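Below: the structure, in structure tokens.
The values are calculated or read from the model by the stated rules, or taken from the named source; none is laboratory data. No experiment lies behind these values; they were computed from the predicted model shown. Please note: Cβ atoms are built from the backbone with ideal geometry, for glycine as well, and neighbour counts cover all protein chains shown.
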Amino acid sequence: MTTKRAWLLLAVAALTSLSMSVQTQEARYPMTIIAPGKGPFSFPPGYQTPWDKIDIMVTEKMSPNLFVLHGSQGLDPAHPDASGGRAMVLFGPDGVLMVDTQNRQVADKTLKAIRSFTDAPIKVLVNTHIHGDHTGANAFFAKQGALIFSQENLRNEMVRPPVRAGGQPAPTIDMTGVPVVTYNYTAGAPGQPAATFTMNGEIVDFIPMMPSHTAGDTIVRFRKANVIYIEDFYRNFGYPFADQANGGSIKGMLDAVDLIEKLADAGTTLVPGHGTLVKKEDLLPYRAMLVDILAKVKTLRDQGKSLKEVLAANLTAPYDKTTLGDTQQSKDRFITEAYDEVKDFPPIVDGKRTMPVHP
Ligand SMILES: [Zn+2]
């Protein structure tokens, strides 16, 4: 064989193996296209999110027609690892089904990202919880044609927001963005879907959750792709956040983790609202941390310690090394939640709690 011919054969072999590896890669879901940032991130005092600099991108593909959208890292101080909250888009001939809508300020960019892979009409939208990084562009997508679904508590939280410490005036509500179809969590039947959609070759369940991250949480299961969007009762960037004023609780987040252990199998991809994609086994150390911190805070509070003293005890120290985004603000928020929860925890009324104000 001449050298020239040998090189040619080698080149052909290399090309063949390259195209094969591209093919096998294409068949392997989920695919992470752009991973969230790891930090550390810091922002100067008075920093304001430059919305015009944020890109909304396809960051993960869960199947050939189920994509995840998320924002740029390093620009949004509330979510430095990737701006806003994840949105999911199921698309095809039956139209678009969306999970959450990202921040209001980037609504046009979110739509543009969707239009980069589908021209199908926007039909169904479900909100996993009230927070603005998940519902902010509701009105925008309702105008695109989306019928909005959520728990009734979420609708209540949106129409009559809780009074917050500091007493900031409630934002004005655009009624076009308020959920139209509502359902409730049934304590006797956790994990029972409130609605099931058969669309675009996928079967999608909207599963109302117990009060956990808020009192209006919904998780979304994509049966064929074996994917569950688990929103924010679990997070792996920053310390846990139970929005107690909107009816959330740390104990409820424990129940939520336990329900996922039942609903998911070992291979199910779990999509949190923030941080990296996980499997159900990854929730266990998180669960253990919640139990540990609740118990330690309760012991100190039973001893009559003030919130200031409990914060000073630095109870999260053993977890700082393994917790990305472990800012002082994130730690203090978590410990304050635990402190408020272990004694005189206010009840949920109309999807909300009247939380104590700490000076
Ligand atoms: Zn949230």
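Does Pro193 satisfy being within 24 Å of Ile122 (Cα to Cα), away from the ligand (no atom under 13 Å from the Cβ) and not in a strand (DSSP E or B)? Considered against the rule, which asks whether it is within 24 Å of Ile122 (Cα to Cα), away from the ligand (no atom under 13 Å from the Cβ) and not in a strand (DSSP E or B), Pro193 comes out as yes. Of all the criteria given as (1) closer than 18 Å to Ala242 by Cβ; (2) in contact with a strand residue (DSSP E or B) (Cβ under 6 Å, 6 or more places away or on another chain); (3) not aromatic (Phe, Trp, Tyr), the one not satisfied by Leu324 is (1).
Residues of the stretch 315-327 being surrounded by fewer than 18 Cβ atoms within 10 Å (Cβ to Cβ) and either among the charged types (D, E, K, R) or in a loop (DSSP other than H, G, I, E, B) (or both), which ones? The answer is Asp320, Lys321, Thr322, Thr327.
The single condition from (1) more than 14 Å from the ligand (Cβ to nearest atom); (2) within 14 Å of Met175 (Cα to Cα); (3) among the hydrophobic types (A, V, I, L, M, F, W, C); (4) assigned to a helix (DSSP H, G or I) that Ala113 fails is (2).
For the structure I just gave you, tell me whether Thr198 is free of Cβ contacts under 8 Å to residues at least 40 places away in the same chain, of a type in the set (Val, Ile, Thr) and over 13 Å from Leu97 (Cβ atoms). Write out each step before concluding.
Working: free of Cβ contacts under 8 Å to residues at least 40 places away in the same chain: yes; of a type in the set (Val, Ile, Thr): yes; over 13 Å from Leu97 (Cβ atoms): no.
The answer is no for Thr198.
Report yes if Thr118 is within 18 Å of Arg86 (Cβ to Cβ) and over 21 Å from the mean Cα position of the chain (by Cα), otherwise no. Judged against the criteria, Thr118 is a match. Could you check the stretch 221-233 and list, in sequence order, the residues that are closer than 27 Å to Glu341 by Cβ and away from the ligand (no atom under 13 Å from the Cβ)? Result: Ile228, single match. For the stretch 328-359, name all the residues that are under 16 Å from Met253 (Cα atoms) and hydroxyl-bearing (Ser, Thr, Tyr). Scanning the stretch 328-359 gives Thr336, Tyr339.
In this structure, Ala120 does not satisfy being in contact (Cβ under 8 Å) with a residue 24 or more places away in the chain, away from the ligand (no atom under 15 Å from the Cβ) and part of a helix (DSSP H, G or I).
One line per residue, one yes/no per condition, for (1) out of contact with any Pro (no Cβ under 9 Å at 6 or more places or on another chain); (2) within 30 Å of Pro44 (Cα to Cα); (3) basic (Lys, Arg); (4) part of a helix (DSSP H, G or I):
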residue: Ala78; (1), (2), (3), (4): yes, yes, no, no
residue: Ala82; (1), (2), (3), (4): no, yes, no, no
residue: Met98; (1), (2), (3), (4): yes, no, no, no
residue: Val106; (1), (2), (3), (4): yes, yes, no, yes
residue: Leu125; (1), (2), (3), (4): no, no, no, no
residue: Ile130; (1), (2), (3), (4): no, yes, no, no
residue: Ala139; (1), (2), (3), (4): yes, no, no, yes
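Scanning the stretch 206-234 for residues that are crowded, with 24+ Cβ neighbours inside 10 Å and assigned to a loop (DSSP other than H, G, I, E, B) turns up Met209, Pro211, Ser212, His213, Thr214, Ala215, Gly216, Asp217, Asp232, Phe233, Tyr234.
Out of Thr128, Thr118, Thr110, Thr101, which single residue is in contact with a strand residue (DSSP E or B) (Cβ under 8 Å, 6 or more places away or on another chain), among the hydroxyl-bearing types (Ser, Thr, Tyr) and within 16 Å of Thr176 (Cα to Cα)? Every option except Thr101 fails the conditions. Do the conditions hold for Arg86, that is, is it touching a residue at least 60 places away in the same chain (Cβ under 8 Å), closer than 25 Å to Gln244 by Cβ and within 16 Å of the ligand (Cβ to nearest atom)? It is true that Arg86 is touching a residue at least 60 places away in the same chain (Cβ under 8 Å), closer than 25 Å to Gln244 by Cβ and within 16 Å of the ligand (Cβ to nearest atom).
Pick out the one residue from Pro93, Pro64, Pro77 that is touching a residue at least 40 places away in the same chain (Cβ under 8 Å) and out of contact with any strand residue (DSSP E or B) (no Cβ under 8 Å at 6 or more places or on another chain). Can you show your working first?
Working: Pro64 fails: touching a residue at least 40 places away in the same chain (Cβ under 8 Å); Pro77 fails: touching a residue at least 40 places away in the same chain (Cβ under 8 Å).
Among Pro93, Pro64, Pro77, only Pro93 is touching a residue at least 40 places away in the same chain (Cβ under 8 Å) and out of contact with any strand residue (DSSP E or B) (no Cβ under 8 Å at 6 or more places or on another chain).
In the set (1) outside any loop (DSSP other than H, G, I, E, B); (2) more than 21 Å from the chain's Cα centre (by Cα); (3) over 23 Å from Met210 (Cβ atoms); (4) touching a residue at least 40 places away in the same chain (Cβ under 8 Å), the condition left unmet by Ser330 is number (2). Within the stretch 158-167, can one find any residue that is surrounded by 17 or more Cβ atoms within 10 Å (Cβ to Cβ) and in a helix (DSSP H, G or I)? For the stretch 158-167, residues surrounded by 17 or more Cβ atoms within 10 Å (Cβ to Cβ) and in a helix (DSSP H, G or I): present. For the stretch 272-291, indicate whether the set of residues that are surrounded by fewer than 19 Cβ atoms within 10 Å (Cβ to Cβ), away from the ligand (no atom under 16 Å from the Cβ), over 13 Å from the mean Cα position of the chain (by Cα) and over 30 Å from Phe41 (Cα atoms) is non-empty. No: zero hits. Checking each residue in the stretch 79-125 for being acidic (Asp, Glu) and either closer than 18 Å to Thr32 by Cα or modelled with pLDDT under 95 (or both) picks out only Asp81.
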